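K.L.:
Got a structure here, written out as structure tokens. Questions coming.
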Amino acid sequence: KKFKKQYFFIPLQTYNDFQVKVHSNYESIEEFIEEVLISFSKYASNEKLLFFKHHPIDRGRKNYYKTIIEMANKLNIQSRVKVIYDVHLPTLLKNAIGTIVINSTVGLSSLHHKTPVLCLGESIYNLKGLTAYNININDFWDLKLKVNYQNYLNFRSYLIENTQINDHFYR
């Protein structure tokens with residue numbers, strides 16, 4: 001709560017995420033990190049922070065800490081960039097100004113917590129009236145967007161009714 005509504009949240013996807021490889025223009029997570037950091041350094045106001053959260057499955061396989069910190073140092077924004085690991089996701093989402101994803105399902109969780117989302121890849125939920133649809137990352141930092149929660153609830157209901165089977169794995 002110390003940083004409530006002072007930061008943008010960037011949940012990183014796994015280094016080999018199929019959704020990144022097939023449904024985005026990024027060759028790597030590093031490329032995504034670089035785009036976010038460069039845009040943030042140029043277009044976000046100086047009092048705003050950026051919190052990158054490492055994906056828990058990547059622990060022991062890939063660590064972006066050094067990449068993020070070195071790039072933040074080059075851009076002279078190191079004091080405004082944090083890399084975090086085991087922080088409670090709902091708390092991060094509720095207290096963020098906005099969430100930026102490639103196409104992670106964390107974007108849906110962000111909408112659930114009424115935090116605006118910018119998708120930089122192709123995502124089933126990247127829709128006009130639901131996310132920061134068709135908005136450039138450079139403009140996202142200062143837009144003060146609000147989530148249309150009824151649109152989120154309608155989309156969530158649609159997904160549940162049309163894509164989910166109410167069953168039990170062990171039956």
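The values are calculated or read from the model by the stated rules, or taken from the named source; none is laboratory data. In this text the structure is predicted, and so the values were computed from the model without any measurement. Because the Cβ atoms are built from the backbone with ideal geometry, glycine has one as well, and the counts that use them run over all protein chains shown. For the accessible areas, the whole protein counts, side chains as well, though only heavy atoms, and no ligand, DNA or RNA atoms are used. Shrake-Rupley method; radii C 1.70, N 1.55, O 1.52, S 1.80 Å.
K.L.:
Quick check for you: with a 1.4 Å probe and neighbouring chains kept, what is the accessible area per residue of the chain, in Å²?
P.N.:
60
K.L.:
Starting from the Cα coordinates of the chain, work out the convex hull volume and express it per residue in Å³.
P.N.:
Spread over its residues, the Cα hull of the chain gives 134 Å³ apiece.
K.L.:
State the answer as a single residue: which of Ser41, His88, Ala132 lies farthest towards the positive end of the charge dipole of the chain, with beta carbon charges of +1 for Lys and Arg and -1 for Asp and Glu, about the Cα centre.
P.N.:
Farthest along the dipole direction, towards plus: His88.
K.L.:
Relative to the longest principal axis of the C-alpha atoms of the chain, give the angle of the C-alpha long axis of helix 65-74, reported between 0 and 90° and rounded to the nearest 10°.
P.N.:
So the inclination is approximately 50 degrees.
K.L.:
Let me ask another. When N counts the residues of segment 84-151, how does its alpha-carbon radius of gyration compare numerically with 2.2 N^0.38 Å, as a ratio?
P.N.:
Here the Cα radius of gyration is 1.02 times the empirical estimate.
K.L.:
Please compute P(r) over all alpha-carbon pairs of segment 54-111, binned at 5 Å starting from zero, and give each bin as a whole-number percent.
P.N.:
4, 15, 22, 24, 22, 12, 1
K.L.:
Divide the volume of the convex hull of the Cα atoms of segment 1-77 by its number of residues and quote the answer in cubic angstrom per residue.
P.N.:
Measuring per residue, one finds 113 Å³ for the Cα hull of segment 1-77.
K.L.:
Would you list, by chain and number, the aspartates and glutamates whose Cα falls below 20 Å from the Cα of Lys42, excluding same-chain residues fewer than 8 positions away?
P.N.:
Glu30, Glu31, Glu34, Glu70, Asp139, Asp142
K.L.:
Then there is this: Add -39500 (n - 2.57) for each DSSP H run of 4 or more in the chain, then divide by its residues: what number comes out at 222 nm, to the nearest 500 deg cm²/dmol?
P.N.:
Helix-only estimate at 222 nm: -10500 deg cm²/dmol.
K.L.:
About the Cα centre of the chain, how large is the charge dipole given +1 on each Lys and Arg Cβ and -1 on each Asp and Glu Cβ? Please answer in debye to the nearest 20.
P.N.:
Result for the chain is approximately 780 debye, rounded to the nearest 20.
K.L.:
Which angle between 0 and 90 degrees, to the nearest 10, do you get for helix 149-163 versus the longest principal axis of the chain when only C-alpha atoms count?
P.N.:
50
K.L.:
Would you mind telling me the share, in percent, of accessible area of segment 1-138 contributed by carbon and sulfur at probe 1.4 angstrom?
P.N.:
C and S atoms contribute 50 percent here.
K.L.:
Hey, what did the chain get for relative contact order, percent, Cα under 8 Å, at least 6 apart?
P.N.:
24
K.L.:
Also: Mind checking segment 9-105 for trypsin sites (Lys or Arg not before Pro) that DSSP puts in a loop (not H, G, I, E or B) and that have at most 15 other Cβ atoms within 10 Å?
P.N.:
Within segment 9-105, the qualifying trypsin sites (Lys or Arg not before Pro) (loop, at most 15 other Cβ atoms within 10 Å) are Arg59, Arg61.
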